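Structure first, then comments.
The values are calculated or read from the model by the stated rules, or taken from the named source; none is laboratory data. Worth saying up front: this structure is predicted, and the values here are computed from it rather than measured. All Cβ positions, glycine included, derive from the backbone under ideal geometry; neighbour counts span all protein chains shown.
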Amino acid sequence: MRQMHQPDHGTAVPHLLATPTVFVVDDDFSVRESLETLIRYEGWKPETFASAHEFLARPRVLAPSCLILDVSLPDLNGLDLQSLLSANRMDMPIIFITGHGDVPMTVRAMKAGAIEFLIKPLDSDVMLQAVRDAIERSQLALAHEAQLRVLEDCYASLSRREREVMDLVVTGLLNKQIAGELGISEITVKAHRGQVMRKMYARSLADLVTMAARLHPSRAR
């Protein structure tokens, strides 16, 4: 019997091997300059911005990245910028910096997903460790995103009937029960089920259930 293998997700995400980009948004030129030097020295790619709107005009970078973000900015403050980014930039962790942080501000930032909240003047070693942690999280998020994209492509290759069979299979119904639900023969269900397993690269029913939960989280039990 021919053994099935999962698609090689690594080959689908060459951007994971790209040099990480560290964005800095701070209206203080001296802070931007010192952080740019520190970031470049570590081998990462720095990009600095004086305002939130300037940063928002920058297209998304398909590479591991993180954002060092000042809380107090002249246009849109850092916490509001974080709110704008939280929905569609899960792959870009945020490290907040501020000259006058307080507990409620810190709590709000961390609850919204910030990984660190650092007080100026900044300690270089602490900052570098925060950036390393952020880049590692970014790499994991990008890998997850790429794997989900491959999974969606596999699901898109299924015929309408195969999707119907898959949706019922993952609920735990037997072939006979699925046949009754769809008004087709049990032999036909078995054939469609085999096609689903092959096209989804699923090695077991449990594997297929996990895939379905990732594709349709709202249906997950």
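Summary of values
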{"read-out": "Failed condition for Ser159, given (1) farther than 26 Å from Glu54 by Cα; (2) of a type outside the set (Val, Ile, Thr); (3) within 19 Å of the chain's Cα centre (by Cα)", "value": "(3)"}
{"read-out": "Criterion: at pLDDT below 90, assigned to a loop (DSSP other than H, G, I, E, B) and outside the structural domain of Ser124 (by TED's automatic domain parsing) - qualifying residue of Pro7, Pro74", "value": "Pro7"}
{"read-out": "Unique residue being surrounded by 15 or more Cβ atoms within 10 Å (Cβ to Cβ), within 21 Å of Gln139 (Cβ to Cβ) and of a type in the set (A, V, I, L, M) when the list is Ala52, Ala63", "value": "Ala63"}
{"read-out": "Cβ pairs under 8 Å, 6+ apart, first in region 145-158 and in contact (Cβ under 8 Å) with a residue 12 or more places away in the chain, second among the polar types (S, T, N, Q)", "value": "Leu158/Gln195"}
{"read-out": "Residue in region 30-47 that is at pLDDT 90 or above and on the phi > 0 side of the Ramachandran plot present", "value": "yes"}
{"read-out": "For Gly113: the one exception among (1) outside any helix (DSSP H, G or I); (2) at pLDDT 90 or above", "value": "(2)"}
{"read-out": "Of all residues making up region 162-207, the number that are under 30 Å from the mean Cα position of the chain (by Cα) and either without any contact (Cβ under 8 Å) to a residue 60 or more places away in the chain or under 21 Å from Pro217 (Cβ atoms) (or both)", "value": "21"}
{"read-out": "Residue count for region 56-70, restricted to those that are touching a Phe, Trp or Tyr at 6+ places or on another chain (Cβ under 6 Å) and either more than 20 Å from Trp44 (Cα to Cα) or in a loop (DSSP other than H, G, I, E, B) (or both)", "value": "0"}
{"read-out": "Ser86 being crowded, with 20+ Cβ neighbours inside 10 Å, under 18 Å from the mean Cα position of the chain (by Cα) and under 22 Å from Leu62 (Cα atoms)", "value": "no"}
{"read-out": "Test result for Leu128, surrounded by 14 or more Cβ atoms within 10 Å (Cβ to Cβ), in a helix (DSSP H, G or I) and without any contact (Cβ under 8 Å) to a residue 60 or more places away in the chain", "value": "no"}
{"read-out": "Region 77-94, residues that are modelled with pLDDT of 90 or more and not in a helix (DSSP H, G or I)", "value": "Met92, Pro93, Ile94"}
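Yes or no, residue by residue, for (1) touching a strand residue (DSSP E or B) at 6+ places or on another chain (Cβ under 8 Å); (2) assigned to a helix (DSSP H, G or I); (3) surrounded by 15 or more Cβ atoms within 10 Å (Cβ to Cβ); (4) on the phi < 0 side of the Ramachandran plot:
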{"site": "Ala134", "(1), (2), (3), (4)": "yes, yes, yes, yes"}
{"site": "Ala146", "(1), (2), (3), (4)": "no, yes, yes, yes"}
{"site": "Leu151", "(1), (2), (3), (4)": "no, yes, yes, yes"}
{"site": "Val165", "(1), (2), (3), (4)": "no, yes, yes, yes"}
{"site": "Ala179", "(1), (2), (3), (4)": "no, yes, yes, yes"}
{"site": "Ala202", "(1), (2), (3), (4)": "no, no, yes, yes"}
{"site": "Ala212", "(1), (2), (3), (4)": "no, yes, yes, yes"}
